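So the structure is just underneath, and the comments pick up after that.
The values are calculated or read from the model by the stated rules, or taken from the named source; none is laboratory data. For clarity, every value in this text was computed on a predicted model and none was experimentally measured. Cβ sites come from the backbone with ideal geometry, for glycine too, and all protein chains shown count toward neighbours. Heads up: the accessible areas ignore ligands, DNA and RNA and are worked out on the full protein's heavy atoms, side chains in. Shrake-Rupley method; radii C 1.70, N 1.55, O 1.52, S 1.80 Å.
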Amino acid sequence: MNILRINLSTKKFEITPLSQDDILLGGRLLTSKILFEEVPPRCHPFDKTNKIVITAGALAGTGISSSGRLSIGGKSPLTGGIKESNAGGTAATAMAKQGIRAIILEEKAEDGCFILKIDDQMCEFIKADELKGLGNFETAARLFVAYGKDYSLITIGQGGEQKLYAAGISVTDLFGRPSRIAARGGLGAVMGGKGVKAILINKRGSALSSKSTNENFKEARKRFNDIVLNSERVPVLTKYGTASTIMAVQQLGALPTMNFKQGRFDKADAISGEAMYNIILERGGEGKNSEACMSACLIKCSNVYPDKEGKELCAPIEYESICLLGSNIGVGDLDAIGRLNYLCNDYGLDTIDIGGALGVMAEAGLVEFGDAEGFIKILKGIEEGKTEARLAGMGTSICGKVLGVERIPVVKDQCMSAYDPRGVKGTGLTYATTPMGADHTAGLTVFAQVNHHSKQGQAELSKNMQVGRAAYDALGLCAFLMGATGPHPQAVIDALNTFYDLELPPDYLQYLGKRLLKLELEYNKLAGLNAADQLPEFFLKEKLPPFDLTWDYSEEEIKSVLANIE
């Protein structure tokens with residue numbers, strides 16, 4: 001496997017092979033390692049010294065279920081620290097088939113907007129000024145017409161071009177939709193600032209052919225995939241998708257509602273996974289309750305939500321988007337949520353930070369909670385660069401500060417995801433301590449069989465989940481595998497050992513996760529960021545109905561969570 005370095009200033013590229021010692025480097029570990037070694041911690045995120053690092057995991061393209069997550073890293077304009085955001089779709093598998101583990105975008109293109117076309121480890125620079133100002137969907141449609149459908153696309157929409165801090169980077173799925181987004185942290189703005197509109201990666205390649213037919217690996221792959229198929233959690237995800245979590249969090253009293261004022265939403269039933277399942281069945285047409293976003297995925301937790309005429313409205317609608325674009329802003333209509341979600345996908349914006357920004361806009365009186373058309377009108381202003389739309393596009397923290405709002409639900413200036421920390425305390429500790437900012441994907445605890453309202457055991461739970469998630473991110477494995485394969489770490493290790501002819505120890509995943517977290521914590525320290533942050537003051541002062549929950553951790557307790565990662 002190789003690293004492809006692309007200098008956007010000189011329009012030159014070079015291929016560097018991974019050494020045998022580094023053969024497993026990939027995913028979030030490789031993005032963070034390259035950033036740590038090559039990007040000055042104090043640089044401005046839009047400076048030419050920042051880099052975009054795009055990586056596949058060590059098992060991408062091998063047929064291991066859900067092993068094709070794509071990691072994208074850079075110094076974040078939103079948090080000011082190290083950032084990795086990952087997405088499903090086809091790009092990681094395409095990279096693996098091309099024999100590429102990482103693509104590094106260096107410097108800036110000062111002479112226009114470019115497409116990078118990658119075939120057989122060669123990179124072609126193509127002027128793309130005609131694509132400027134287009135959303136992800138129109139961009140993808142034009143690229144497929146011009147270059148055919150043998151390519152996986154990585155693109156930015158208007159959000160990235162306008163260098164909005166809530167802009168992500170989009171990846172095409174199995175059906176050519178550019179709706180799998182590495183959304184968090186504003187990395188789309190960094191890519192836009194470098195003058196890159198799109199990257200095309202040829203999906204046809206033979207770099208993995210011989211190793212994938214190894215008999216020992218085939219047996220290990222079957223054991224791994226059988227564990228996934230026989231998991232209790234997977235059938236629920238397949239049927240209802242990630243929206244299956246809504247009513248469980250509603251019952252916990254931790255569903256973000258009206259800018260995190262309440263823990264239950266009176267219209268939760270109407271936006272639940274069960275409600276979405278029934279609507280999709282009733283409307284038929286192009287709707288699907290289950291769909292894979294990447295090849296070889298056995299979980300198939302994505303969906304296609306149709307409008308009233310049965311035409312595709314949004315694909316997919318996920319739990320986080322339903323909550324932040326729904327309950328958090330008082331919208332209890334899946335059709336309206338789907339429209340908002342589609343706009344975010346097209347513009348290339350993080351639904352979490354946009355939902356948080358719209359929530360503080362409602363708090364400030366610019367729009368009323370529950371006014372779906374008002375929120376849609378604000379967001380549509382992105383196309384014309386209108387001030388209110390750009391304000392929302394800068395994310396929850398900046399939007400709230402500009403509007404003078406006191407209740408801003410962020411850590412490291414990144415919006416919290418769809419678990420109120422007063423009701424899911426372990427995830428609240430993850431928000432406070434992860435190097436990534438308030439990001440549930442760094443260590444979600446809600447599925448653990450504990451009392452989420454109690455402090456007892458939550459610090460250790462958050463730490464363990466952060467280590468486990470970091471290991472899976474480092475390997476490009478979807479986090480939804482953890483419910484199935486998390487209790488069976490040897491299944492992951494066996495897959496790596498047989499594919500790469502290694503003898504990894506039983507505790508390798510623990511080693512991997514801890515190595516990654518230490519690296520990221522050190523980078524943030526050098527960048528001037530805290531290792532841990534207390535949550536915004538209103539979480540400590542305001543009781544969360546209906547259970548009157550508060551955030552009751554001291555700064556010392558928070559700092560202790562990741563203080564001794566050894």
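Name the residues whose placed amide hydrogens come within less than 5 Å of the amide hydrogen of residue 2, ignoring near sequence neighbours (fewer than 5 apart) on the same chain.
Residues meeting the criterion, in which the H sits 1.01 Å from N, are 18, 100, 101, 102.
Kindly provide the Kirkwood hydrodynamic radius of region 464-566 in Å, to one decimal, from all pairs of distinct alpha carbon atoms. All intermediate terms of the calculation are to be shown ahead of the outcome.
Values: mean 1/r = 0.0616 Å⁻¹.
About 16.2 Å, per the Kirkwood formula over Cα pairs.
Report the net charge of residues surrounding residue 39, where surrounding means a beta-carbon distance below 9 angstrom and charges are Lys +1, Arg +1, Asp -1, Glu -1. Could you put the intermediate results ahead of the total?
On the way: positive: 51, 75; negative: 37, 38.
Value of the local net charge: 0.
Work through the residues other than residue 289 whose Cβ is under 10 Å from its Cβ and net out their charges, Lys, Arg +1 and Asp, Glu -1. Walk me through the numbers on the way to the answer.
Details: positive: 239, 288, 300; negative: 291.
Residues near residue 289 contribute +2 overall.
How much area per residue is accessible in the chain when the probe is 1.4 Å and only protein heavy atoms are counted (Å²)? Each step should come with its number before you reach the end.
On the way: 19930 Å² over 566 residues.
On a per-residue basis, the chain sits at 35 Å².
Only sites in a loop by DSSP and with at most 15 other Cβ atoms within 10 Å count here; which trypsin sites (Lys or Arg not before Pro) in region 61-151 make the cut?
Values: sites: 69, 75, 83, 97, 101, 108, 117, 127, 132, 142, 149; in loops: 69, 108, 132, 149.
The qualifying sites are 132, 149.
Whole-Å semi-axes of the chain's equivalent ellipsoid, largest first, each the root of 5 times a Cα gyration tensor eigenvalue? Please report the intermediate quantities before stating the final value.
Working: eigenvalues 202, 148, 118 Å².
Working from the Cα gyration tensor, I get semi-axes of 32, 27, 24 Å.
Could you list which residues have their amide H under 5 Å from that of residue 302, counting only those 5 or more apart in sequence or on another chain, with H placed in the peptide plane?
291, 293
With a 1.4 Å probe and every protein chain kept in, tell me what percent of the accessible surface of the chain is carbon plus sulfur. Each step should come with its number before you reach the end.
Values: 9670 of 19930 Å².
Answer for the chain: carbon and sulfur cover 49 percent of the accessible area.
Taking 56 Å as R0, compute the FRET efficiency from the Cβ-Cβ separation of residue 555 and residue 223 and round it to 0.05.
Details: r = 45 Å, r/R0 = 0.80.
Approximately 0.80, to the nearest 0.05.
Specify, per residue and in Å³, the volume enclosed by the convex hull of the alpha carbon atoms belonging to region 499-544. All intermediate terms of the calculation are to be shown ahead of the outcome.
Details: hull volume 6.8 nm³, N = 46.
It comes to 148 Å³ per residue, whole-number rounded.
What is region 328-405 by shape, rounded, prolate or oblate, if you read a ≥ b ≥ c off the alpha carbon gyration tensor as root eigenvalues and call it rounded for a/c under 1.5, prolate for a/b larger than b/c, and oblate otherwise? Spell out each step's value before the answer.
Details: a/c = 1.59, a/b = 1.14, b/c = 1.40.
Verdict is oblate for region 328-405.
Express in % the proportion of alpha carbon pairs of region 67-211 at distances exceeding 28 Å. Spell out each step's value before the answer.
Values: 1113 of 10440 pairs.
Of all Cα-Cα distances in region 67-211, 11 percent exceed 28 Å.
Straight-line reach only, C-alpha to C-alpha below 16 angstrom: list the lysines that residue 541 could link to, leaving out same-chain residues fewer than 8 apart.
Counting by Cα, and skipping residues close in sequence, residue 541 has these lysines nearby: 261, 425.
Tell me the Rg and the Dmax, in Å, that the Cα atoms of region 355-490 produce.
In Å, with Rg to one decimal and Dmax whole: 17.7, 53.
Tell me which aspartates and glutamates have Cα within less than 13 Å of residue 514's Cα, excluding those fewer than 8 residues away on the same chain?
Of all the aspartates and glutamates, those that pass the test against residue 514 - Cα under 13 Å, at least 8 places apart if same chain - are 473, 522, 566.
So, in region 99-240, how many Lys pairs have Cα atoms under 20 Å apart, if the pair is 8 or more places apart or on different chains?
25
Per DSSP helix of 4 or more residues, -39500 (n - 2.57); summed, then divided by the residues of the chain. What does that give at 222 nm, rounded to the nearest 500?
Working: 23 runs with 214 residues, N = 566.
It comes out at -11000 deg cm²/dmol, rounded to the nearest 500.
What Kirkwood hydrodynamic radius do you get for region 188-272 when you take the inverse of the mean 1/r over all pairs of distinct Cα atoms, in Å?
On the way: mean 1/r = 0.0555 Å⁻¹.
Hydrodynamic radius (Kirkwood, Cα pairs) of region 188-272 is 18.0 Å.
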